[in-house]
Amino acid sequence: MSIYFQPVARFSAWDYVVFILMLLVSVSIGVYHAFKARAQQSNNEFLLGGRQMRAVPVAMSLTASFMSAVTVIGTPAEVYRYGAMFLIFCISYSLVAIVSAEIFLPIFYRLNITSTYEYLGMRYNKAARYIGTSFYIILTVLYTGIVIYAPALALNQITGFDLWGVLVATGLVCTFYCTLGGLKAVVWTDVFQMVIMISGFLAVIIRGSVVQGGFAQIWNISYHGGRLNFWDFDPDPLRRHTFWTIVVGGSFMWTAIYGINQSQVQRYISCRSMGEAKLSLYLNMVGLWMTALCAVLSGLTMYSIYHKCDPLTAKAVRAPDQLLPYLVMDFLGDYPGVPGLFVAAVYSGTLSTVSSSINALTAVTVEDFLKPNLVLSDQKLTWITKGLSLMFGLICIGMAALSSLMGSVLQAALTIFGIVGGPLLGFFLLGMLFPCANSVGAISGLFVSLVLTLWVGIGGQVYPPLAEKTRPLPLSIDGCVFNATEPTESVTESTWMTTSQVMEPDLRPGIANTWYSLSYLYLSPFATMIVLILGTIISLLTGRGKNKVDKEVLITKRDLMCCFCFNHTGDHSEVKEKTDKTEEKGQENLGFTHQELNCSKKEDHVVSTTYF
């Protein structure tokens with residue numbers, strides 16, 4: 001059966017102008033901040049913006065870092081294939097913002113750390129700190145290379161955009177402004193890129209509404225096509241997406257990103273006060289809602305246009321990630337500059353993710369490996385930091401080139417990066433929640449958890465879940481233009497799953513339909529619980545005498561209840577007491593406001609735990 005499609009438009013001169021303009025503005029922001037801080041830029045200024053950042057730009061930067069290019073082109077394709085259930089992630093985002101702001105933030109902020117892995121050294125020992133840092137560096141470099149390469153490949157095959165030229169250009173631009181301007185350049189370019197990304201989504205939604213005669217028609221088509229499937233309360237843990245997998249599993253997964261991931265934590269601890277830092281997380285929550293809504297509406301718009309002529313089944317595109325670029329070139333190609341705006345939106349996602357990764361990689365290398373082992377002047381440390389930014393940028397570009405040789409391993413690598421958040425989250429939570437935990441139990445729990453989650457994750461890639469668990473929604477090619485001698489036919493679930501190349505049930509081992517089919521969203525809570533349970537047991541078995549733990553590294557009642565405390569007495573005695581203690585630790589920004597400090601009580605800062 002042959003299917004005839006009109007060839008989509010290719011990039012015009014105006015599209016290149018818009019894209020290049022986006023790169024130039026990003027570079028200009030980096031140059032501006034480098035020039036502005038040329039006289040006083042210290043290592044602290046470079047990595048944390050002098051801890052003087054404000055809530056609004058930090059919030060937009062946090063959201064932009066979340067919106068990688070994979071999100072920009074992948075989420076609408078997810079909605080197109082599986083429905084708008086993705087929007088339930090907004091509930092997860094809300095829970096994550098609250099937990100990050102009220103539990104993790106107070107601990108990191110009062111410890112005055114630059115690298116989140118400094119916490120592991122304070123709570124456990126140097127070995128735990130080095131393990132956590134090394135783990136983060138390897139996986140971040142791998143993921144960043146994939147983030148650069150994967151969208152470039154999708155756009156190259158649809159728009160004709162030069163693959164390697166764009167790869168090198170975006171990588172160098174990102175490295176350039178990160179090396180020059182530090183965190184301030186990263187944050188403010190993220191703000192600009194966030195605006196570009198939302199503009200790209202709006203261009204798709206508005207044009208789709210015009211083509212369909214109004215958004216009501218898009219909603220109506222999506223409803224009759226089964227795409228408005230928000231509420232599915234099936235408790236089956238093998239189901240890919242249900243209300244429970246998204247809310248429970250998604251909350252754990254995103255807490256591992258916003259609660260402990262260096263790329264995100266480094267931004268909000270750069271705020272000038274704890275109040276500003278908390279505000280940035282709550283504003284970021286609103287940004288995530290807006291991003292998810294735009295992505296879902298873009299997916300529904302795409303479905304309403306192609307609901308009777310699916311480009312993927314008709315072989316007009318090779319992979320789901322190419323669906324949205326295909327739509328843009330198909331319906332917006334006649335508007336000079338608009339496809340360029342969309343590609344700029346995609347690469348803004350790339351730049352924001354890569355820049356945050358470069359800055360975070362530099363921070364953990366300096367704070368966890370160099371400063372504890374070398375005595376360097378601040379000037380030398382600043383130059384070394386800039387050199388590391390350049391080095392990591394070039395490494396990420398090289399990893400993008402290596403990713404081009406991986407083929408189908410790309411998706412596996414993305415899954416591996418996603419599932420390691422659970423073990424790391426358990427690693428941190430064990431230390432924060434259980435005073436009895438020691439380094440032996442924590443490291444043992446981390447590695448056992450990692451092995452099990454990698455086993456499940458890789459097994460799920462080798463033996464993808466069957467259609468009865470993933471439940472892709474049916475698509476049709478009834479509306480496509482065929483040869484007159486050949487009939488049309490609708491796409492059923494079995495046809496769709498053939499395009500996904502899933503092995504027939506009778507050829508799969510039994511474990512593939514149970515253990516390997518566990519929803520990828522449940523891998524994070526599964527891994528976290530393994531670390532907490534196993535780590536606690538081993539700590540109790542290997543403990544000797546008393547384990548003395550500073551209360552500053554634990555989650556206390558003060559952290560859990562501080563947001564509900566209000567003091568109207570005007571007594572500043574406790575504020576002064578806390579200020580003296582934090583100054584002894586050398587904190588540069590005192591994160592506790594008067595209201596927050598009055599929640600604390602005069603108490604010892606050491607917990608002694610007897611094992612046997």
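The set of residues in segment 275-317 being of a type in the set (A, V, I, L, M) and touching a strand residue (DSSP E or B) at 6+ places or on another chain (Cβ under 6 Å) consists of A277, A314. Taking every residue in segment 165-180 that is at pLDDT below 85 and pairing it with any residue that is of a type in the set (D, E, K, R), at least 6 positions away or on another chain, the pairs with Cβ-Cβ distances below 7 Å are T179/K386. When segment 360-380 is filtered for residues that are modelled with pLDDT of 85 or more and either in contact with a Pro (Cβ under 8 Å, 6 or more places away or on another chain) or of a type outside the set (D, E, K, R) (or both), the ones remaining, listed by number, are A360, L361, T362, A363, V364, T365, V366, F369, L370, P372, N373. Residues that are farther than 18 Å from L167 by Cβ, assigned to a helix (DSSP H, G or I) and not acidic (D, E) within segment 370-390 comprise L370, Q379, K380, L381, T382, W383, I384, T385, K386, G387, L388, S389, listed in sequence order. Just checking, does segment 251-264 include any residue being of a type in the set (V, I, T), part of a loop (DSSP other than H, G, I, E, B) and within 26 Å of the chain's Cα centre (by Cα)? Within segment 251-264 (the criterion being of a type in the set (V, I, T), part of a loop (DSSP other than H, G, I, E, B) and within 26 Å of the chain's Cα centre (by Cα)), the answer is yes, since at least one residue qualifies. The residue of segment 1-29 that is modelled with the lowest pLDDT, among those that are more than 30 Å from V191 (Cα to Cα) and outside any loop (DSSP other than H, G, I, E, B), is I3. Within segment 143-164, not a single residue is surrounded by fewer than 22 Cβ atoms within 10 Å (Cβ to Cβ) and among the β-branched types (V, I, T). Determine whether segment 234-249 contains at least one residue that is buried (at least 24 other Cβ atoms within 10 Å of the Cβ), in a helix (DSSP H, G or I), assigned by TED's automatic domain parsing to the domain that holds M60 and of a type outside the set (F, W, Y). Yes, segment 234-249 has at least one match.
Yes/no matrix, rows are residues, columns are (1) in the same structural domain as T556 (by TED's automatic domain parsing); (2) in a helix (DSSP H, G or I); (3) within 25 Å of V247 (Cα to Cα); (4) among the basic types (K, R):
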site: P106; (1), (2), (3), (4): no, yes, yes, no
site: A152; (1), (2), (3), (4): no, yes, no, no
site: F161; (1), (2), (3), (4): no, no, no, no
site: W164; (1), (2), (3), (4): no, yes, no, no
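Of all the listed residues (D234, D162), the sole one being within 30 Å of L402 (Cβ to Cβ) and either without any contact (Cβ under 8 Å) to a residue 24 or more places away in the chain or under 18 Å from the mean Cα position of the chain (by Cα) (or both) is D162. When the residues of segment 126-136 are filtered to those that are touching a residue at least 40 places away in the same chain (Cβ under 8 Å) and surrounded by fewer than 16 Cβ atoms within 10 Å (Cβ to Cβ), the one that is farthest from L446 (Cα to Cα) is K126. Residue count for segment 216-225 under the criterion of being in contact (Cβ under 8 Å) with a residue 12 or more places away in the chain and either in a helix (DSSP H, G or I) or within 23 Å of P464 (Cα to Cα) (or both): the result is 5.
Give the residues of segment 326-370 that are small (G, A, S) and under 21 Å from Y149 (Cβ atoms), sorted by residue number. Of everything in segment 326-370, those that are small (G, A, S) and under 21 Å from Y149 (Cβ atoms) turn out to be G340, A344, A345, S348, G349, S352, S355, S356, S357, A360.
Scanning segment 250-267 for residues that are buried (at least 24 other Cβ atoms within 10 Å of the Cβ) and among the β-branched types (V, I, T) turns up T255, I260, V265.
Against the definition (aromatic (F, W, Y) and either modelled with pLDDT under 65 or surrounded by fewer than 19 Cβ atoms within 10 Å (Cβ to Cβ) (or both)), how does F417 come out, yes or no? Yes: the conditions hold for F417.
Listed here are the residues, each with its yes/no results for (1) at pLDDT 70 or above; (2) of a type in the set (G, A, S); (3) over 27 Å from the mean Cα position of the chain (by Cα).
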position: W496; (1), (2), (3): no, no, yes
position: Q501; (1), (2), (3): no, no, yes
position: D506; (1), (2), (3): no, no, yes
position: T514; (1), (2), (3): yes, no, yes
position: S519; (1), (2), (3): yes, yes, no
position: S524; (1), (2), (3): yes, yes, no
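The residues of segment 526-552 that are modelled with pLDDT of 90 or more, under 25 Å from Y258 (Cα atoms) and of a type outside the set (S, T, Y), listed by number, are F526, A527, M529, I530, V531, L532, I533, L534, G535.
Of all residues in segment 429-470, those that are touching a helix residue (DSSP H, G or I) at 6+ places or on another chain (Cβ under 7 Å), part of a helix (DSSP H, G or I) and closer than 30 Å to K551 by Cα total 15. Would segment 264-284 turn up any residue that is within 28 Å of I221 (Cβ to Cβ) and in the same structural domain as T144 (by TED's automatic domain parsing)? No: segment 264-284 contains no residue that is within 28 Å of I221 (Cβ to Cβ) and in the same structural domain as T144 (by TED's automatic domain parsing). Across segment 331-346, a minimum of one residue is classified as within 21 Å of F66 (Cβ to Cβ), small (G, A, S), out of contact with any Asp or Glu (no Cβ under 7 Å at 6 or more places or on another chain) and not in a loop (DSSP other than H, G, I, E, B). The residues in segment 124-133 that are in a helix (DSSP H, G or I) and more than 16 Å from S263 (Cβ to Cβ) can be counted, and the count is 6.
Taken over segment 60-83, residues that are in contact with a Lys or Arg (Cβ under 9 Å, 6 or more places away or on another chain) and surrounded by 23 or more Cβ atoms within 10 Å (Cβ to Cβ) amount to 6. Among the residues of segment 265-304, those identified as of a type in the set (V, I, T) and under 14 Å from the mean Cα position of the chain (by Cα) are V265, T291.
The values are calculated or read from the model by the stated rules, or taken from the named source; none is laboratory data. Source: prediction; values computed, not measured. Reconstructed Cβ throughout: ideal geometry from the backbone, glycine too, with neighbour counts over all protein chains shown.
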